[in-house]
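Contents: one structure, followed by commentary.
The values are calculated or read from the model by the stated rules, or taken from the named source; none is laboratory data. Note that the structure is predicted; figures quoted are calculated from it, not measured. For neighbour counting, all protein chains shown are included, and Cβ atoms are generated from backbone atoms with ideal geometry for every residue, glycine included.
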Amino acid sequence: MSDSHSPAGRYAIAIGLAATAVVSRWLLDPWLPGGQISLVALPAVTAAAVWFGGYRAGILTAVLGYVACDYLFTDGVGFGPYTSVDLIRLLAVALSTTIIIVFGERARIVAAVKQRARAAEAERKVHEEFHRLADSAPVLIWTSGIDKKCTWFNQQWLEFVGRPMEREIGDGWAENVHPDDLQRCLQTYGRSFDSRLPFSMEYRLRRADGEYRWLLDAGIATQGPDGAFTGYIGSCIDITDRSRAERALQATQERFSRFMRHLPGLAWIKDIEGRYVFVNDAAAIAFGMPRDALYGRTDADIFPADVATMFAENDRRALASSGGLQMVEVLEHDDGVLHHSLVSKFPIPGADGENAWVGGIAIDITERKRAEDAVEEADRRKTDFLATLSHELRNPLAPIRNSLELVRRAGTDPAVISRSLDVMDRQTTHMVRLVDDLLDVNRITRDRLELRRDRISLGDVLRQAVETCAELAERGGHSIDLSLPDAPVYLDADPTRLVQVFGNLLNNACKYSARPGCIRIGVRPTGSSVVVSVADDGIGIPTDSLDRIFEMFAQLETGGGQSLGSLGIGLTLVKRLVELHGGSVEAKSDGVGCGSEFVVTLPIAASQAVDPPADAPSAVEPAAVPLRVLVVDDNEDSAESLASLLTFGGHETAIAHDGPEALAAAERFLPHVAILDVGLPTFSGHEVCRLLRTRPWARDIFIVALTGWGQEEDRRKSIEAGFDDHFVKPLDSEKLLSRLRSVPAPRT
Ligand code: ADP
């Protein structure tokens, strides 16, 4: 019995069974009397047809079987002739087969109903079993039907959303999906549904307490027992905490990468086998390899063997230490420069607490090291310089002292006195020069040196420079050959500073010529500039030191200079002064013993015309008028010697050693001129000047500042304090006396 047969199947069964009846009868034929019991198998096959194919198949089987048997077996082959017995037999067959069909059909229906009921029961049990299972699963489960609508939710789902099944089925579930996620979810579900493919999606579902939680929902298509598509089933897990953890991890990674990107150095992590697992951008650049290519490689794959061995050894030591190590590592970077790095290496434990990686951070200290070396070198030079300076300052003191002793002993012998004075004058000049150079260097390095530019003739400058060295050249037996071009060359420059430049070069040329030699000064105008060369045939300069000699305190081992007043700052001054003028200087020499040449290039004045001097100095100096001069200096010797000089000059003098004393002396003495040392005890020379100017009698007297500070700024301050002039120590007495001649004659 089966309901599952199609109509064609049923009729096939009927025809088959009818044929079976015919064949059975035919097989029984030898034992049955001719034409007798020709329908013997018909009831059985009819019953079978009804059972398997339903009443229609039964009728068909009965009709076909009867006709076939009637034709084949009743009264020989063929139909008829029919008698009343045949008719009765037909009626009997019809009646019996009808009864069989009716009862058979009924039995078949009853059996089918029972079978369906059993099947339904079995299915119910399966569903029940599934729901029980699904309700006990620790995930949220739903099912949907072929119309895409949800048909069922497990207990976890209902508890999660806190709503009954009726509210959730159909499209009710969507009410709890976060509005930002709903469209995306429906699209994913719809697309998968249409193609019957599995899907997985993440969305936020509102929990009973109102909080949206992230769910991971995975669904697959379902089929009935007959294999037909019946809808979808999906299961969801709450991944909020996992997502949070993932997002936190992502944020940490982002923070880490950003931190590493901005780290002003190299950073890397290697595994325990020494394979790179992380490098920051700076490290990838320094190692000369893209990051991906570095990962998985060891130092031995990347660096020369000796470097790799050093790195590996340091890694090993760092791993063996608990808190890591610091060391200096040297590596030639991709730029070909040997870099020194301060490296910190440290072990990084894995989840099991065992060392799993070794981390490294390297800060490039190449520049710092260079700077440290430079500072060390500068410090060394400064120490040398101080030693040289004290030596050089002491040197002139010996002849000065000797000369003083000579003067004291010589009595009135004018020849001895004159010679001694010459020595003292020369040595003092030398000392003044040293100190001046020192001050200039100090100013120039602090950018405090100002040029007083004027339209000047280069020829005049060079002639003056030669004059400053004439005595030194004469004593060394050197000749100075100055050859100037026919046409004068004019510069917009500070004459004093240029005399200083060429004076220094000539001075050096004299000092560094061991035997009497020839110093040549050549001038060659070239368009907008002029090239001045100072060449000597002296001891020369090693070619590899030609640049170095312009550095501060640089002195070469070639000898000669040290005994002649050398501090190693002359050429520094030359270079900086020439550069201040917009020019350049270069040293040339073929080496020791081959002489030297210094080539100075200076810009020449745009127009080579000269303005006549504004006020030509008067040829006739005014006669000295005796003045009352107050000398104020806390150094008693200075005060005394200056006062004596002024007395020799025909002036009357008074002396004071500090501010209050000066004011008191001034009140008594009523001077025409006050020469005030600026750095006085109690209160400064500026203060004394200001206070003096408040006295009516002193408003117009001539007040001179005397100080070691000679910058423009210092002069300005003096003028602001009320001084009429500013003299720099050591005082040029000639200049002072000549200045006093211009002081208006006193009325009293
Ligand atoms: P100083 O002469 O005081 O030592 P400089 O700065 O003038 O300092 O010169 C620096 C060094 O350059 C000298 O110590 C000397 O070794 C070298 N030098 C300078 N000029 C000459 C020169 N004309 N011939 C040979 N060496 C020179």
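Looking only at segment 665-693, filter to residues that are more than 60 Å from the chain's Cα centre (by Cα) and closer than 17 Å to E636 by Cβ; which one of those is surrounded by the fewest Cβ atoms within 10 Å (Cβ to Cβ)?
A665
If I filter segment 720-731 for residues that are surrounded by fewer than 17 Cβ atoms within 10 Å (Cβ to Cβ), modelled with pLDDT under 85, out of contact with any strand residue (DSSP E or B) (no Cβ under 9 Å at 6 or more places or on another chain) and not aromatic (F, W, Y), do I get at least one hit?
yes
Across segment 221-248, what is the total count of residues that are in contact with a strand residue (DSSP E or B) (Cβ under 7 Å, 6 or more places away or on another chain) and part of a helix (DSSP H, G or I)?
Here is the first cut: in segment 221-248, the residues in contact with a strand residue (DSSP E or B) (Cβ under 7 Å, 6 or more places away or on another chain) are 221-224, 229-240, 243.
Filter once more, so that each one left must be part of a helix (DSSP H, G or I): 240, 243.
Residues meeting the conditions: 2.
Answer with yes or no whether R426 is assigned to a helix (DSSP H, G or I) and touching an Asp or Glu at 6+ places or on another chain (Cβ under 8 Å).
Answer is yes for this residue.
Return a yes/no flag: does segment 172-189 have any residue that is part of a loop (DSSP other than H, G, I, E, B) and at pLDDT 95 or above.
Looking for residues that are part of a loop (DSSP other than H, G, I, E, B) and at pLDDT 95 or above, one finds at least one in segment 172-189, hence yes.
Mind telling me which of the residues I719, I703 ends up being in contact with a helix residue (DSSP H, G or I) (Cβ under 7 Å, 6 or more places away or on another chain) and not in a loop (DSSP other than H, G, I, E, B)?
I703 is the lone residue from the list that is in contact with a helix residue (DSSP H, G or I) (Cβ under 7 Å, 6 or more places away or on another chain) and not in a loop (DSSP other than H, G, I, E, B).
Give me the pairs: first residue in segment 519-534 and free of Cβ contacts under 8 Å to residues at least 40 places away in the same chain, second residue surrounded by fewer than 17 Cβ atoms within 10 Å (Cβ to Cβ) and aliphatic (A, V, I, L, M), beta-carbon distance under 7 Å, and six or more apart or on different chains, which are they?
R524/V531
Quick test for you: out of Q156, Q115, pick the one residue that is under 17 Å from V177 (Cβ atoms) and among the polar types (S, T, N, Q).
Working: Q115 fails: under 17 Å from V177 (Cβ atoms).
It is Q156.
Just give me the residues in segment 509-528 being surrounded by fewer than 16 Cβ atoms within 10 Å (Cβ to Cβ) and either in contact with a strand residue (DSSP E or B) (Cβ under 7 Å, 6 or more places away or on another chain) or of a type in the set (D, E) (or both), in sequence order.
Scanning segment 509-528 gives C518, R524, S528.
Working carefully through the options S479, S420, find the one that is at negative phi, more than 56 Å from the chain's Cα centre (by Cα), at pLDDT 80 or above and exposed (fewer than 14 other Cβ atoms within 10 Å of the Cβ).
Exactly one of S479, S420 is at negative phi, more than 56 Å from the chain's Cα centre (by Cα), at pLDDT 80 or above and exposed (fewer than 14 other Cβ atoms within 10 Å of the Cβ), namely S479.
With respect to A111, is the statement that it is surrounded by 14 or more Cβ atoms within 10 Å (Cβ to Cβ) and either among the basic types (K, R) or at pLDDT 75 or above (or both) true?
Yes; evaluated as a whole, the condition is true for this residue.
Only one of (1) under 55 Å from the mean Cα position of the chain (by Cα); (2) of a type outside the set (V, I, T); (3) under 18 Å from F130 (Cα atoms) fails for G224. Which number is that?
(1)
Against the condition of a type in the set (D, E, K, R), under 25 Å from the mean Cα position of the chain (by Cα) and not in a helix (DSSP H, G or I), how does K369 come out, does it pass?
For K369, the condition - of a type in the set (D, E, K, R), under 25 Å from the mean Cα position of the chain (by Cα) and not in a helix (DSSP H, G or I) - is not met.
Yes or no: segment 537-560 includes at least one residue that is part of a strand (DSSP E or B) and either in contact with a Leu (Cβ under 9 Å, 6 or more places away or on another chain) or near the ligand (Cβ under 8 Å from one of its atoms) (or both).
No, segment 537-560 contains no residue that is part of a strand (DSSP E or B) and either in contact with a Leu (Cβ under 9 Å, 6 or more places away or on another chain) or near the ligand (Cβ under 8 Å from one of its atoms) (or both).
Restrict the check to segment 389-411 and report whether at least one residue is loosely packed, with under 14 Cβ neighbours inside 10 Å, modelled with pLDDT under 85 and not in a helix (DSSP H, G or I).
Looking through segment 389-411, at least one residue is loosely packed, with under 14 Cβ neighbours inside 10 Å, modelled with pLDDT under 85 and not in a helix (DSSP H, G or I).
Restricting the first residue to segment 504-518 and requiring it to be farther than 11 Å from G570 by Cα and among the hydrophobic types (A, V, I, L, M, F, W, C), which pairs with a second residue that is at pLDDT below 95 and near the ligand (Cβ under 9 Å from one of its atoms) meet a Cβ separation below 9 Å and a spacing of at least six or different chains?
Final answer for the pair search is A509/G538; C510/G538; C510/L564; A514/G538; A514/I539; A514/G559; A514/G560.
Every residue in segment 561-591 that is at pLDDT 90 or above, outside any helix (DSSP H, G or I) and near the ligand (Cβ under 9 Å from one of its atoms), please.
Selection gives A587, S589.
Could you list, in sequence order, the residues of segment 348-363 that are more than 21 Å from E313 (Cβ to Cβ) and surrounded by 11 or more Cβ atoms within 10 Å (Cβ to Cβ)?
G350 - this is the single residue of segment 348-363 that is more than 21 Å from E313 (Cβ to Cβ) and surrounded by 11 or more Cβ atoms within 10 Å (Cβ to Cβ).
Could you grab me the full set of residues in segment 503-532 that are under 48 Å from the mean Cα position of the chain (by Cα) and either more than 8 Å from the ligand (Cβ to nearest atom) or assigned to a loop (DSSP other than H, G, I, E, B) (or both)?
Selection gives T526, G527, S528, S529, V530, V531, V532.
Given (1) assigned to a helix (DSSP H, G or I); (2) within 30 Å of D335 (Cβ to Cβ), where does A251 come up short, assuming only one miss?
Checking A251 against (1) assigned to a helix (DSSP H, G or I); (2) within 30 Å of D335 (Cβ to Cβ), the one that fails is (2).
Starting from segment 562-574, take each residue that is on the phi > 0 side of the Ramachandran plot and crowded, with 22+ Cβ neighbours inside 10 Å and list its partners that are assigned to a helix (DSSP H, G or I) and at pLDDT 65 or above, counting only C-beta distances under 6 angstrom and pairs at least six apart or across chains.
Within 6 Å, the pairs are G565/E392; G565/H430.
Tell me which of these T601 doesn't satisfy, since it passes every other one: (1) over 30 Å from I480 (Cβ atoms); (2) of a type in the set (S, T, Y); (3) at pLDDT 85 or above.
(1)
Where residues in segment 118-159 are within 24 Å of L197 (Cα to Cα) and among the polar types (S, T, N, Q), which of them is surrounded by the fewest Cβ atoms within 10 Å (Cβ to Cβ)?
For segment 118-159, the residue satisfying everything is T151.
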